[in-house]
Each structure stands twice: as C-alpha cells, then as structure tokens.
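See below for the structure under consideration.
The values are calculated or read from the model by the stated rules, or taken from the named source; none is laboratory data. Quantities reported herein were computed from a predicted structural model and do not represent experimental measurements. Neighbour counts run over all protein chains shown; Cβ positions are idealised from the backbone, glycine included. Accessible surface is based on the protein model in full, side chains and every heavy atom, while ligands, DNA and RNA are left aside. Shrake-Rupley method; radii C 1.70, N 1.55, O 1.52, S 1.80 Å.
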Amino acid sequence: MGATASNTTVQPSKLTAAQHAATPPPGCPMQDSQPASPPSGCPMHQAAGSTPPEQNGGPPVPAHQERAYEFVECPMKAAAGGDKMPHDIDPANMMPPPNQTPAQDQPFPLPVNREVSTIPRAGSDKQWVYPSEQMFWNAMLRKGWRWKEDDLGPQDMTNIIKIHNQNNEQAWQEILKWEALHAEECPCGPSLARFGGKAKEFSPRAKIRSWMGYELPFDRHDWIVNRCGKEVRYVIDYYDGGEVDKQTYQFTILDVRPALDSLGAVWDRTKVAWWRWTS
C-alpha cells in the first residue's frame, strides 16, 4: 500500500486484507442459513431475480463480462459461437467487446480460455474474468503493436497473461488493505465497479518522484471501487521491479492509494502516513 512494494507489512487495521475478503461477518447474507435481505449497498449479494442494480442507481453489470464465463466453462464452444455482442465500448473497462478471432497474419494459434479472478464485480455475485491470450494479442494489435518487430512465441504470450493477471490480483490485495479501514461501514467487503488505463497521464505523485530522480511508472490504472454503494477511486502506478519471479510471475512494484478527490480519502491517507511515521 502506498509507494511500497506489494509485500509491505504495514497493516492499517486489525482486520487484514485476507480476512476482509474471505471471512465476512455474521451479518452478511452468505453466512445465513436462510435467504435474507443483504445489508444496504451490497448488490453483489442480492438474491436472484431481484431488481437489476442499474435500475436502483447502482453500477451496471458489464455485458461482455457476463459472456466471459462461457470462455471459462467451455472456451472452444464459446469461440465457435462467434461474437454475439454489439461492437460498442464497455463503460466498465473502456474496451470493445472481446475479440477471440485470430488476427489475419497471426503466426501461431493462441488459447481462447479465460481465467476467473478473485476480484468481486460490482452489481453481480460473480468475479471479473481475465482476457484470454487471443484477446490480449488482438488488444495489443489494436494499440499499434506489431508482432513482427519482436521475437515472440506462444509461451511468451502465456507468460504475459500470467504476469497481467498477477498484477491485477496484487493490486486488489493492496486495495483491500485500504478498504480494511472501512470494514465496519461495509461489512460485505468492496467490489470493483470499473477501471481504465491512463499510461500517458502520470499522477502528481509519480511526477514528484521523477523530479526527485526516481523512474516514472510504466503504466497507470484508475480503479473505481464500490464500497457498499459508495464509489471510491483508487490510483495505481506500476513500476518495473526487475526480474520476473518464475514461481509467482510477480515483478511489478505497485503504488496503490485512494485518489485525493474527497475528504474521506485525504483522511485515510493522512492516518496511514501518520502510522508509518510513528511505527
């Protein structure tokens, strides 16, 4: 959390990130033996058939993420079904619908299966689903990458996807450390509403660090977290951490913190800064 690597031991609350994510308190619906009304603002625990979250003013469930589960359960059948979604931009991740079709000059076939993350999806009882290797390849082409300029093989794409997924899991664990400060007001835990990349928009903190002689991050994401009905923005700066750990596929140093766009976020960051200073 903050400007440290993900293995930082700072714990701003007695409730750890793992406990916050894996052990909801007794008041949460998943702990009840009988179906019950979930706490206010926890749409991910609403019973089936309830009013869609977007009709209640909550975040819409990304349509393309719903079909993503087809590529988890039976990827070949889903790929054969073609792209049935409209070719529009998904506001949840600012990306077009997933493209599982091999590129015209692609030198080798790539898997279309997708992995389910551990990150809860706001407005749903499911988790976010990571892109397949084929989707990642197509996304890189769309951004201007040309594979002929790199000596890239199938195993490289497998490694890229594993690193990508690990970065996101790592970022979510850092967010949970911050969200542990609000465990009482959000007993069911936070969920991810939407996100977007801002690689060319360096945060003020990253700029200040660069003026002090430190490297600039190679990427930046802004994640919008649903804290039981309240949306909170997090800024994530990604720094090169050196060699990739071949066991965990971790190499990125993350700087994860609430954006300074509310008094609550300012207070959270002030408290954590004080704890670090006095610990």
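Below, the figures for the structure above:
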| read-out | value |
| --- | --- |
| Subset of the range 127-158 (residues that are surrounded by 14 or more Cβ atoms within 10 Å (Cβ to Cβ) and touching a Phe, Trp or Tyr at 6+ places or on another chain (Cβ under 7 Å)) | VAL129, SER132, MET157 |
| Qualifying residues in the range 72-98 (those that are open to solvent by 80 Å² or more (accessible area, probe 1.4 Å) and not in a helix (DSSP H, G or I)) - the one modelled with the lowest pLDDT | LYS84 |
| Qualifying residue in the range 99-119 (condition: under 25 Å from LYS230 (Cα atoms), at pLDDT 85 or above and open to solvent by 80 Å² or more (accessible area, probe 1.4 Å)) | yes |
| Selection within the range 245-279 - β-branched (Val, Ile, Thr), in contact (Cβ under 8 Å) with a residue 60 or more places away in the chain and in contact with a strand residue (DSSP E or B) (Cβ under 9 Å, 6 or more places away or on another chain) | THR252, ILE253, VAL256, VAL272 |
| Residue that is under 19 Å from the mean Cα position of the chain (by Cα) and over 28 Å from ASP261 (Cα atoms), where the choices are VAL112, VAL116 | VAL116 |
